[in-house]
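Okay, so here's the structure we're looking at.
The values are calculated or read from the model by the stated rules, or taken from the named source; none is laboratory data. Here the structure is a predicted model, which is why all the values come from computation and not from measurement. For neighbour counting, all protein chains shown are included, and Cβ atoms are generated from backbone atoms with ideal geometry for every residue, glycine included.
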Amino acid sequence: MSCLTSFWFWRQIRLSGCCRIDGAAVYGKMPSYLLHRAAVYVCKPKAETSMVISPTPRQPAETAKQGSSQQAAYELQRLLALMARLRDPKEGCPWDREQTHETIAPYAIEEAYEVLDAIQKQDWNAFPDELGDLLLQVVYQAQLAQEEGQFDFATVARMITEKMIRRHPHVVFGADVLEDQTVTDSPKPKQDIPGQWEMLKEQERRRNAGQKNGRGAAVPGALAGVPPALPALLRASKLAARAARVGFDWPDISGVVAKVHEEIEEFSVELGAGNRERMQDELGDILFSIASLARRLKLDPEACLRQACDKFTRRFEGVEAVLAEQGLSMSDQSVEVLDDIWKSVKKLEAENKK
């Protein structure tokens, strides 16, 4: 009888001979999830059937238990197979075959924001669809990397799992997470240690820098690891936070507020001089100091600005509605008239909140 090894739902089963799945011969490896989907006959090489593994009774999709790890694994296998097919040089999609890491990278950002939009709107019908679009971008990039011989999706999943294990030393994980490793660690504290996450990230950065440089004692700078491609306000907040961790910070919030006023005054000077290059530089300093202020207040500057954008949109549409009711065009109104309507819309909004 052939030997089946590495019997894990997520993994490939190695076959020393061959097997038949619904009559079709399979050699070498087969996805283990197929054991749950069809009758699998395990055969000796060049011999008659020696054993049959009966499948788990198939249930209609609508009655399948939500959250089942087996169902999740099966659907992920389908997605991986779909992406491989889309990229197939002969039978795939012409558009998908042409894509590169660089050409599809913007879609990851777009899909991430659509996930955020669904969360903010609490649109739970759209939410899983948007999460799927984001997952597709991960699968897409992993497929491209696999074709290049760099890594595959399993590597991505393994690396994030191992990273999260390292980042949670206060949590005891079972065999389902640690695989076949024996849990021999000393008792874990029940709560996270303040600052532990960032401390562990810093240790990883130093270790990774040492591996890249060939020196185990390499010490990256405090700002290392903050991606330049981040949205500018988010990057500013992270840079300020990193600097603060090594003592480069104001002793209290009043110092940050004073810095904001200082930058505004410097901008006013350049505004009067009419130097656009200097105005851009000083306006950037204002935005950076505001991001630092948000950090000190434990506020997300991106979230603050999104909230302001939503508020402006809501009030602007209110002004449009008032003018439409009167049969007026916004472009024909003076600034004073528009400002009065804006104030009335703002007042009405405040009253409705009471």
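Just to be sure before I move on: is GLU75 surrounded by 11 or more Cβ atoms within 10 Å (Cβ to Cβ) and within 27 Å of ALA232 (Cβ to Cβ) in the structure I sent? When the stated conditions are applied, GLU75 does not pass them.
This table checks each residue for (1) farther than 30 Å from TYR113 by Cβ; (2) at pLDDT 95 or above; (3) basic (Lys, Arg).
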position: VAL219; (1), (2), (3): yes, no, no
position: ALA224; (1), (2), (3): no, no, no
position: ALA244; (1), (2), (3): no, no, no
position: ASP249; (1), (2), (3): yes, no, no
position: GLU265; (1), (2), (3): yes, yes, no
position: VAL269; (1), (2), (3): yes, yes, no
position: LYS298; (1), (2), (3): no, no, yes
position: PRO301; (1), (2), (3): no, no, no
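Scanning segment 318-338 for residues that are of a type outside the set (Gly, Ala, Ser) and loosely packed, with under 12 Cβ neighbours inside 10 Å yields a total of 5.
Where in segment 89-185 are there helices (runs of 4 or more DSSP H), lying fully within it, with 1 or more residues that are of a type in the set (S, T, N, Q) and at pLDDT below 90? Explain how you work it out, then say what you get.
Working: elements: 94-98, 101-121, 127-147, 153-167, 175-178.
Once the helices (runs of 4 or more DSSP H) in segment 89-185 are filtered for at least 1 residues that are of a type in the set (S, T, N, Q) and at pLDDT below 90, what remains is 101-121.
Note on segment 98-124: residues that are touching a helix residue (DSSP H, G or I) at 6+ places or on another chain (Cβ under 8 Å) and over 30 Å from ASP300 (Cβ atoms) total 2.
Report whether or not VAL226 is closer than 30 Å to LYS347 by Cβ, surrounded by 12 or more Cβ atoms within 10 Å (Cβ to Cβ), touching a helix residue (DSSP H, G or I) at 6+ places or on another chain (Cβ under 7 Å) and not assigned by the TED database to the domain that holds ALA105.
Details: closer than 30 Å to LYS347 by Cβ: no; surrounded by 12 or more Cβ atoms within 10 Å (Cβ to Cβ): yes; touching a helix residue (DSSP H, G or I) at 6+ places or on another chain (Cβ under 7 Å): yes; not assigned by the TED database to the domain that holds ALA105: yes.
It is false that VAL226 is closer than 30 Å to LYS347 by Cβ, surrounded by 12 or more Cβ atoms within 10 Å (Cβ to Cβ), touching a helix residue (DSSP H, G or I) at 6+ places or on another chain (Cβ under 7 Å) and not assigned by the TED database to the domain that holds ALA105.
When segment 286-298 is filtered for residues that are under 30 Å from GLU270 (Cα atoms) and exposed (fewer than 14 other Cβ atoms within 10 Å of the Cβ), only LEU297 remains.
Residues in segment 123-143 that are surrounded by fewer than 15 Cβ atoms within 10 Å (Cβ to Cβ) and of a type in the set (Phe, Trp, Tyr): TRP124 alone. No other residue among VAL322, VAL256, VAL260 is β-branched (Val, Ile, Thr), touching a residue at least 12 places away in the same chain (Cβ under 8 Å) and in the same structural domain as LYS347 (by the TED database) apart from VAL322.
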